[in-house]
Every structure is written in structure tokens, then in C-alpha cells.
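Notes follow once the structure below has been shown.
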Amino acid sequence: MSVRVSMKVNGKPVSADIEERTLLVSFIRENLRLTGTHVGCDTAQCGACTVHLNGKAIKSCSIVAMQAEGADILTIEAVAHPDGTLHPMQAAFKENHGLQCGFCTPGMVMNALDFASSHPNPSEQEVRESLEGNLCRCTGYHNIVKSIMAGARAMAAAK
Amino acid sequence: MHAFQYHRPTSSKEAIGLAGQKAEGRYLAGGQSLVQAMKLRLSSPSDLIDLGTIKELAGVKVSGSAVEIGAMTRHAEVAASAEVKRAIPSLAAMAGMIGDRQVRHMGTIGGSLANNDPAADYPAAVLALNATVTTNKRKIGADQYFKGLYETALEPSELITAVSFQVPKRGAYMKFKNPASRFALVGVFVADFGSGNVRVGVTGAGPSAFRQTEMEKALSAKFAPEAVAAIKVKPDGLNNDLHASPEYRAHLITVMCKRAVEQALK
Amino acid sequence: MTTSLIGARVPRKEDYRFLTGAGQYTDDVALAGQTYAAFVRSPHAHANIRRVSTDKAKRAPGVIAVYTGADLAAAKVGGLPCGWLITDVKGQPMKEPPYPVLAQGKVRHVGERVAVVVAESAAQARDAAELVEVDYQPLPAVASAAKARSSGAIHEIAPDNVCYVWALGDKSAVDAAFAKAAHVTKLEFVNNRLIPNAIEPRAVNAVYSRADDSTTLYVASQNPHVERLLMTAFVLGLPENKVRVVAPDVGGGFGSKIYLYAEDVACTWAARQLARPVKWTADRSEAFLSDAHGRDHLTVAELALDKDGKFLAMRVRTTANLGAYLSTFASCIPTILYATLLAGQYTTPVIYCEVTAVFTNTTPVDAYRGAGRPEATYVVERLVETAAREMKVEPAELRRKNFIRQFPYQTPVALCYDTGNYEATLEAAMKIADVAGFKDRREQSLRRGKLRGLGYACYIEACGIAPSNVAGSLGARAGLYEAGEVRVHPTGTVTVFTGSHAHGQGHETTFAQVVADRLGLGMEQVDIVHGDTSKILFGMGTYGSRSIAVGGTAIVKALDKVIAKGKKIAAHLLEASEGDIEYDKGVFKVAGTDKKKTFGEVAFAAYVPHNYPLDKLEPGLNENAFYDPTNFTFPAGSYVCEVEVDRETGATQIVGFTAVDDFGRVINPMIVEGQVHGGLAQGIGQALTEGCAYDDTGQLITGSLADYCIPRANDLPLFKLDMRETPCTHNPLGVKGCGEAGAIGAPAAVMNAITDALGVKDVPMPATAQNVWRAMHRA
Ligand SMILES: Cc1cc2nc3c(=O)[nH]c(=O)nc-3n(C[C@H](O)[C@H](O)[C@H](O)COP(=O)(O)OP(=O)(O)OC[C@H]3O[C@@H](n4cnc5c(N)ncnc54)[C@H](O)[C@@H]3O)c2cc1C
Ligand code: FES
Ligand code: FES
């Protein structure tokens, strides 16, 4: 009972024979060994598994890999510039101490990237609302909110 | 998650055909409810029939008095749709209150209505906006659609293709969120179609969404917050859980309805 | 290199890997021949096990092995030990029932492990776990502490379900003081049970090497050495030198990853049987059932005051719910870490506290961020605020009247505070929070249909646990020092090995600041290594806000040894006497001359000892040190919370939160503020949203994040922080610790604000909209 799945991940075509029941997040973590995408819950609350599917933030724990057949997936591993320079959003997290244990961080950044692309200068309240689907237990969100506000502005300025 | 077989039909017809053959099969829309349930091994279909690539099921059409939304239209698309915002802004706003951004990028109206979670938001809109649920077989009126806890008028393998909402004169949705799940602890959708025709859809409070006729009557007489502020809803039959007792839910129905009316009048 | 690194907002060294997805958490570790474990867990809160049948499971696809309690018993695998012996009021040791790794004939809480399946894939292990047939004979269960004593015995050795009754303080003096009090304030409340929920679930990956008969365990742990010690010495009987425990990147702990868990032992044991790596990563649902919970006290507290508002005495009776078994440090939390904090910031002359600790059919309870101290602060600060309202005194005024102002101060509950300035933090907090403008804001809120309230909490905590001999006399079964090693490489770069463990706290940065500052090196020349028993000489790990005060001090001691040896080497190289050598900013100098050698030159000489006093000095520059603190440290602070309550729904919004803390000297304010933010969020979570609930049959109602509400971004405000520094007097850095403060002070501040808004005496935590609405309607 296995099927072939193919998609583009971080710009590279990938395919594999997988069990139908493989979640997208398991495909990313186990098959592709891209372990930057995390799993923090089993009820789709925490957002640690957030990746982009065709440019939109989704929870990769909440769909089976087959649902992403033919799709373009972006994970945290490919966000920084190929030379290793941090993306402005990542840099904003670092500057504003928007991470502690780092476990929620990839999901936070992936969601923030998508959010910022349509919110070049978000208010504190907008940012808080955008984080409805991302849990952090370490930071109290204070510095995450600041990071995303700064990161969104930096992204807009870089355009 | 238990093992299953996966199918990706490219047309509704093919999907329905597959569903007819697989007694334990299920349609897969966004997966935001179904995959969740399967992960927790609460649901174990033999087959998943993915509707994701069926183009004809997605999209928004506005025609004078109605807004028709394809079953596979994502919550985020409804929330952002300029057409929906123009015709029924309260509906777009409601779609934007579902879950979170990531869930809204995947979750669909068809999936939400087929699933009929007692705390889902769309059912309140369907009732208040007197929507028609179109399936491959028939058109089902809002008042005939919801049958009980996770139960609808849908027959096995019946496929929702679109949902058509009537455009009200004004309306609003007020949601009191369950703090943990962010579903509706109580959600009230109020729609005023003019000439004394007001509909009030309530979700989250009972086993399935329902219309609050006492409030409808009061608002039909006078579309103003005061009209409902003093109505004491009976707690009998309302949901009871950790987050809200039937009494508290009953109280919230009144408060949310009043606030929805205030919002609609803004 | 002129500006000091101490007190600087240095960006974190660890961020790059986390931001680019390069962190290595336990579940990210994949080993050749990897297998996966799944646990069969009890669906009953209390039941006898008549039979466990594993035949079907063993035949399922991909299954390698299935083990039950009988297998572990046959292999003589021991139970999980408790690390702290409490002696009860009658001088008897606490009741210590066996805590089996896999159930032995009986289960005592929902989620207890009955069997473990090992298979080729995680999905196959799960599938097969469903095929293990367990014949249960359900027994009556009890979940609440209040009912524990009148319920059937959970353990044979504790027929009334009491683990111990313990007391601290002079009861007759307290009773006498109450008898002549002008006013007595009394409160009765539950300190709600919490579920830690670090976002990384617990995980283990154990591997056995037949080549050298060694076992390596990757585990999401806050203290790998303690994990190894407990597992080898008490449970598996393995030689410690054959076991390596690695705690790689750990995604938050908050206490829940301190303990030795049964899953860790089971996977390690299974890996040795199978000679293949065995991995287990908790689902969130499993985490809810099996991670140690926190708090869960039922308390009656009284404060006696004279007519002028001077505190005369405090009397506290608490029933603490320990859950079904004694977790690693469970016994000391509601006793040693709780009753000793009841003086708070005040001169209350006599205090008596009695604690009855009971077993129930619930998940074991242990330290969770703050551990005992949030409960104590809640008692003190709710009492003080309530007393002020009852006596119609400004709450801040009543506090001032009773503040401790002379240090050192010996409390009536065993602790001796070395330093502090409580007035300073309170005054600063009131200014920042604009307490003076509150009346106006309250009016404005009222006009918008909202009730506004303001509440204070002035907390004290005891951190940097502890002098080992004192802890030992109180029942600790381990030392509480910390170890550090400074390895200078021949080219002058430095690797520091610390027994502390970081799981979000940023030690790789903070400790590097301490080292770079003291040695006068650049941050990039210093690396901090933690979390691996094969690299680090020893460690007690990170909890109780002890890392910088104890772990940091151990490093400082090792640094001092490095400098001392460096001076000897420099003296030789510079042909001066050792006493004339000064070390400053990376340079060894002969005092009063311009003769000097850089740190790098000295290091090089130490490793390439061609010109070196080999007759007097060993080559190399590598020093280690152990540090055992002489006292606790006593961070303190003042919090002011402002809330708005929706009169119609009861929904409460935090509209202002000010925290002014005194952590002694602060090494990196950016990181320290982050710690406060996180602590506040958890404290506010306890007050507003988080409450673990069991039904009467012992089923966990809040078993997922869809039911148990940890705060989201939208539930919290931007915090206003400030700090005051009274340096700790007994460690060289003057540091006190900051990891738990927020969680300790916030609950009382929030609840004082809500009760103020509502004008009621008490609202139960968590103050969910429904609970607040009910309180309004009762009032
Ligand atoms: C974290 C989280 C928060 C959420 N919060 C909310 C919330 O606040 N409010 C809310 O309303 N919802 C909420 N949801 C649910 C979400 O809206 C789901 O999208 C929705 O319930 C199901 O839609 P789906 O497209 O994902 O359907 P799926 O999960 O794919 O399917 C659901 C069910 O519908 C059936 N089905 C799907 N499409 C059709 C069709 N066209 N015809 C017939 N049957 C069909 C499937 O067979 C299945 O039984 C939340 C979900 C998550 C994960
Ligand atoms: S792991 Fe996907 S939301 Fe938690
Ligand atoms: S940084 Fe640890 S969970 Fe967010």
C-alpha cells in the first residue's frame, strides 16, 4: 500500500514511494530529512509544522503528503539567502530576541513571512491576530510580535 | 492514522463514482477536520477521495440576490473575496474568523458544512442567510440541512458542490471563542432581509446550529439591540462542557445577538 | 574590548541554527537501524490488570518486540526513584510506593504505561499497540485532593492515600498571635493544576553498542547527568561509565523535562535487548497524560494583623495532590520549596504551615516553573491584598508597612535573605504602571461598559538551590552544586563545558559573555558546551533558576584557576615574579612595566612548552571547578496588573502589566527580559486560561490543546519591564536568577486585579470568562 508522491520542495523536485497515510510533515521530516519543520501537537493548534504550500502558510501536520502532489513547498531550511545570510524576517527575530528554545521558531517565521507579504506595516494587534495558529511557550510572544513588526517593515523596505 | 487508499479524481463525476464504490470511503476536502480525526484514530475511512484538484468545485459567483460559493473554496478565499465583501461583508468577516490563517488556507466551506461540527461558524451563516446547499443530487434548504450532532441531510456519497447565500440588507456575525480551540463557544449570525424578515443563526450553543426564533420575532418587529437585550434564552438542551455551562451559553446567545445587531447597524 | 560584556544586549549565538532549521532536537536524531516504540496506556484511572495478551501485537507487520511489566520484572528493572525524602510531623519517613516503569498488576492513572511495542516504523508500532489486549478490572478512582483521604487505597503502603503530613513553624506561637489579632483575613482556594506543555514534546532515542557494551541515550532533558545517575544507579543497575546521556537542543522544559521518566527507561532497556536504536516521541495527547503536572493545592490561609496593619502571624493549611506516584522531586515541592517562602517580602514574625500530601488517580505532579514558590506567593499576596481591602488601607501602603528593610534577614520559615530592596521595586512599578492615573482609567472603562481593576504582587523567590549540606539535612538525596570546565586551546580560543543545561535560556550566549568578559576575549572565541555526559564532567542541570548563580559561578571559579595558572606561565615567560603579574583584558602584564604576554601567547606556551617551567607546572591550560552555593539567592520584584472585565460576558483582558524585578546583577538584559516575558505568560496563563480538569472517574478532560488553553499572542499584552539591582552578596557575579519570576508573581497580580475589578473576595483560577461571569453573578 504505497503510492508515489512528487512535489517541489525548496525549489527542488522530489519524489518518493510512501504509505498513503504519510502526513506532509512526516514526508518532509522523515523522507527528506528536513528536520527544521517541527511537530508540537496532534490537534493542529501549535503551528510548529507551518510550511508554505504554493506560497501560503499551512500546517503540514494537518494534510497528507498526497494533498501536496505537484505543489511547491517551502520550508525553513530555504528561507535564508543561499550564501547563508539571514532573510530580513529571520534577522528581525534575532535582533528582537524573538526566540528562546527555538522549537516554535520555524513555524513562527514561516507564518510571519506569508503574513508580512500582505501586511507591509502591520500593527501590534494585526500581528497578534496573525499568530492565532502559532503557540510559543517560551517568549510570551512579546518579542515575537516585535520581531514580526520589524521583519515586515524590513521586507517591505527591501522590495 | 490507520491505513487507507488514496484517490485523486479530476471531476465531480469521477469523485461521486468512486464514492459510490467505496462504502467506507470519504471525500477529502481541506483535511482540516478529517485528517485531524484520522490522526487521533477517531475516524478510519478505507478510502480518501481527494477533491483538491476538481476545478469546478472552487470559486465565488455573485448574482444579484445571491452569493454562490463552490464547495472547495477555502475560508481564506471567502474572507478575502472582493465580491463577497461587497455583497455580504458579514459573511467574508465570518470566514475570516474561522480557526487561524493556516487553517483558513486549507479548510473549505463544503468540508465545514459536511462535517457540521457543533461549534463551526458556517452553519450559523447558512441558517441566518437562508442558504441553499447544492449537491450532485439536489438543492437542500438551510432549514432542512442540519440534523443534529455532526449530522446533516447528506446521504452517503452525496457531494456538496456549492452553497448559495441570500444577500441580506444588513447582517453581522458575533463569535465568542472557545479560548482553547478557537471554535465558537457561542456564535450568532444576524441577517436582516428587510420588511420584517430577520433570521438569527446560532452555533456552538447546541448539538447543531439552530435558529433563535424568539429573537427573530423581536428583531423583525424592531431591528435594534434593545429588542433582544432582555430576552432570556432557556438553557435546556444547550451544550455543557468545561468551558461553558448551558446557563452561560444561554446568556451568551443574548449578548452575542445584541452585539451582532449593534454591529449590523454600524 | 573596552566595554564590559556584563550587562550588554549581546545577540544570541544559538539563534542562527534555530532560525535556519538547523537545530538538533531529540526527534531530529535518526540512527542507522532505527526502530520506534509505542506505549500501550491505561484508559482507566484505577484498575487491576488481570491479563495482558501480546500475541496479536507480536504478529503484526513490522513488530520487533512487545514488552510488558512482567518482562521488566523478570529482568529485575527497578522502579523510578524519588530524589527527596520528606520526614513527617511524627518523624516518620514519607510513604514511598513503588513506581514501576511498566504497570505491575495495577494501573493508577489514565495514561499509565502497560506495555511497549517496538516496530520498524512509528505507524506500525502504533498499529500494533492497538492489538495488545489488556483485561482490566476497574476500581473506584479519586482525582481530587479534597476527596483523597476518604477514598480507597491507591497504594498498599498508604491506606489513607496520605504520603506525608509535614509542618514548618511554631504552631503555638502562631495560634497565640491569632488569638490577640485585631483583624484576621482568611481565604480558601485552589491553586490550579497546570500542564507544562513545552512545545517540543518529550522524546528519547536510545542506542546500544555491542562493540563496547555502551548505551547512548538522546533525550529531551534539562539535566542529563541526573538522568544518567538515576537511571544507572537506581533503575537499570548499569555501570555509569557505560552510559552516555545526550540532551541536544531541547524545546523548552519548564520543569517537565527534569525527571527520569518511565519511557526513557523502557526505551533504553529495549534498545539493549534488541541492539537497535529505539525512538519514542510523545504525541501531545501522550504528553498531557504522562508529563509531570504542576501545582494542584487546596489551601486555607489566614493572616493575623494588629489594628495598625502590622502582620502578626500567618497560618496555612495545604493539601497537595501528588498524583498517582512520587515523581523525581515531587515531595520537596509543596514542602521545602513552598512553606519556606511564606514570609514573602514581609516581617511576619511567626508562620505555621502544615501540608498534607496525598496520592490520587492522576498523573504525577512535580516541579513546574516556579515549583512551590508561585503557590506560596499566591497565598501571601492574595492574603495581603485582601487584608488591605478589608481594612480599607491602600494595598501598596499595607505592604510598605510590613516590608523587610534590614538585611540579612532571618525569616521564621528557615530562610535567610541576604539582600534586597523591596521598596525600590514597588515604587518603580507603581510609577511605570501609573497607579496614580488608575482612578481616571477606571472611570473611562466604566463608560465603555467595562470593569477595571488593579492588583499587585510583591514576590520573593529562593533560587540557585542550594547549599548541598542544607538540602541534605532537609532530605535531598543528591548534591546541588554545579560543575564547570574551561578548556583553553593552544591558539587561545576557549571551550567551556557546563553542567547547566539550556533549553531556551541562552546559556551559549550569557555564559560566553561571562567568560569573554573575564578573560578579555571576543565572544566568537568562546564556545559553551552543555548537555552531554561524555563531554561534561558532571552537572546537576537547570531548574529553579540556578544556572547563572550556581553554574555560572562554577565557571567563574574555573576561570580564576585558568588566570592563576596563566599568571604562573606568564611570570616564567616574562622573567618576573608571579606576584607581579596582572591580568587585564586578555593581557598578562608585569605590574608597572610594559612587559606583557597575550592570553593567546600564554595558552600556546602551555601547550607547546618549549619555554616553560616544566619542573614546577604541568603543561596545558584546562581547569575545572565545582561550586556549591553557601545560600539560596533571593530575587524579588513588584508586579502591577491592570485588567478590564467585560460586564456582560466576563471576558477578562489584561490591559497593562508592569514587572519590576531585582535579579541582582544582570549579564544580558535582553535575555533576562525574555525570561520574564515567558514567565509572565505562564503566570498569566495560570490565572486566566489554564486549568487541568479531571472528571470524578479520573478521566482527563483537558487532554489536548483544543481543551487546555495555553495563552496565545492575542491573550497577552506588551509587558512593561524594569529592573533594580541589589547584587547577591555570596556569589562572585552578584547574580540571583530570573527564570521563574514571572510565573511566580503574575498569578496573584492578575487575580488581585480581577477581584478588584469585580469587588469580590475571590474568583477561582483560571479566571475564564465563565468563572468571572459566575463570580459577578454571585456577588
Ligand atoms: C486548529 C483548527 C481550528 C479550527 N477552527 C475552526 C473555527 O473556528 N470555526 C470553524 O467553523 N471551523 C474551524 N475549524 C475547522 C475548519 O474550518 C475545517 O476546515 C472544516 O471543518 C472542514 O473543512 P475541510 O475542507 O478541511 O474538510 P475535511 O476535513 O477535508 O472534510 C470534513 C468532512 O467533510 C466531508 N466533505 C468534505 N467536502 C465535502 C463535500 N464537498 N461534499 C460532501 N462531503 C464533504 C469529508 O468527507 C469529511 O467528512 C478548525 C480546524 C482546525 C484544525
Ligand atoms: S504540529 Fe502542526 S499544528 Fe501542531
Ligand atoms: S521559543 Fe520555545 S516555544 Fe517558542
Name the single residue that is farthest from the other protein chains (Cβ to nearest Cβ) among those in region A:8-35 being more than 17 Å from the chain's Cα centre (by Cα) and in a loop (DSSP other than H, G, I, E, B). A:THR22
Per the filter on region A:49-64, residues assigned to a loop (DSSP other than H, G, I, E, B), under 14 Å from B:ARG101 (Cβ atoms) and away from ligand 1 (no atom under 14 Å from the Cβ) are A:GLY55
Residues of region A:84-108 classified as within 16 Å of ligand 2 (Cβ to nearest atom) and either part of a loop (DSSP other than H, G, I, E, B) or more than 7 Å from every other protein chain (Cβ to nearest Cβ) (or both), total: 6
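Test B:GLU151 against the criterion of being surrounded by fewer than 20 Cβ atoms within 10 Å (Cβ to Cβ), under 16 Å from B:PRO118 (Cα atoms) and more than 14 Å from chain C (Cβ to nearest Cβ), and give yes or no.
Yes.
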Please determine, by comparing only the residues of region C:488-514 that are in contact with a Phe, Trp or Tyr (Cβ under 7 Å, 6 or more places away or on another chain) and within 19 Å of C:PHE538 (Cα to Cα), which one is surrounded by the most Cβ atoms within 10 Å (Cβ to Cβ). C:GLY499
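Results for (1) under 19 Å from the mean Cα position of the chain (by Cα); (2) of a type in the set (Gly, Ala, Ser); (3) open to solvent by less than 60 Å² (accessible area, probe 1.4 Å), shown as yes or no for each residue.
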site: B:LYS13; (1), (2), (3): no, no, no
site: B:ALA71; (1), (2), (3): yes, yes, yes
site: B:VAL84; (1), (2), (3): yes, no, yes
site: B:ALA87; (1), (2), (3): yes, yes, yes
Would you check which residues across region C:27-55 are among the aromatic types (Phe, Trp, Tyr) and away from chain A (no Cβ under 14 Å) and list them? C:PHE39
Hey, any hits in region C:247-263 for a residue that's within 25 Å of C:ALA65 (Cα to Cα) and of a type in the set (A, V, I, L, M, F, W, C)? yes
Taking helices (runs of 4 or more DSSP H) that do not extend beyond region C:191-309, which have at least 2 residues that are of a type in the set (Ser, Thr, Tyr)? C:284-290
Kindly indicate which of A:PRO88, A:PRO13, A:PRO82 is open to solvent by 30 Å² or more (accessible area, probe 1.4 Å) and touching a residue at least 60 places away in the same chain (Cβ under 8 Å). A:PRO88
Counting only residues in region C:668-699 that are open to solvent by less than 10 Å² (accessible area, probe 1.4 Å) and away from every other protein chain (no Cβ under 12 Å), the one nearest to ligand 3 (Cβ to nearest atom) is identified as C:GLN686
Going by the conditions given, is A:ALA116 buried (at least 24 other Cβ atoms within 10 Å of the Cβ), at pLDDT 95 or above and within 16 Å of ligand 1 (Cβ to nearest atom)? no
Being within 22 Å of C:LEU312 (Cβ to Cβ) and aliphatic (A, V, I, L, M) is the filter here; which residues of region C:411-425 pass it? C:VAL413, C:ALA414, C:LEU415
Cβ-Cβ under 6 Å, sequence separation 6+ or interchain: first residue in region C:759-777 and more than 11 Å from chain B (Cβ to nearest Cβ), partner open to solvent by 40 Å² or more (accessible area, probe 1.4 Å). Which pairs? C:VAL760/C:ALA779
Restricting to region B:1-52, name every residue that is farther than 28 Å from C:ALA128 by Cα, outside any loop (DSSP other than H, G, I, E, B) and among the hydroxyl-bearing types (Ser, Thr, Tyr). B:SER12
From A:ASN111, A:ASN134, which residue is within 14 Å of chain B (Cβ to nearest Cβ), open to solvent by less than 10 Å² (accessible area, probe 1.4 Å), in contact with a Gly (Cβ under 9 Å, 6 or more places away or on another chain) and more than 21 Å from C:PHE719 (Cβ to Cβ)? A:ASN111
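Do we have C:ARG210 as basic (Lys, Arg) and away from ligand 2 (no atom under 16 Å from the Cβ) here?
It is true that C:ARG210 is basic (Lys, Arg) and away from ligand 2 (no atom under 16 Å from the Cβ).
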Could you say whether any residue in region C:414-427 is touching a His at 6+ places or on another chain (Cβ under 9 Å) and not β-branched (Val, Ile, Thr)? yes
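Every residue in region A:43-77 that is facing chain C (nearest Cβ under 9 Å) and either open to solvent by 10 Å² or more (accessible area, probe 1.4 Å) or among the small types (Gly, Ala, Ser) (or both), please.
From region A:43-77, those facing chain C (nearest Cβ under 9 Å) are A:43-46, A:48, A:75-77; that's our starting set.
Answer for region A:43-77, where residues must be facing chain C (nearest Cβ under 9 Å) and either open to solvent by 10 Å² or more (accessible area, probe 1.4 Å) or among the small types (Gly, Ala, Ser) (or both): A:THR43, A:ALA44, A:GLN45, A:ALA48, A:GLU77.
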Please count how many residues of region C:700-733 are part of a loop (DSSP other than H, G, I, E, B) and within 14 Å of chain B (Cβ to nearest Cβ). 13
Determine whether region C:710-721 contains at least one residue that is among the basic types (Lys, Arg) and surrounded by fewer than 19 Cβ atoms within 10 Å (Cβ to Cβ). yes
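The values are calculated or read from the model by the stated rules, or taken from the named source; none is laboratory data. A quick note: this is a predicted structure, and the numbers were derived from the prediction, not measured. With ideal geometry, Cβ positions are generated from the backbone for all residues, glycine too; neighbour counts draw on all protein chains shown. These accessible areas exclude ligands, DNA and RNA; they are computed on the full protein's heavy atoms, side chains included. Shrake-Rupley method; radii C 1.70, N 1.55, O 1.52, S 1.80 Å.
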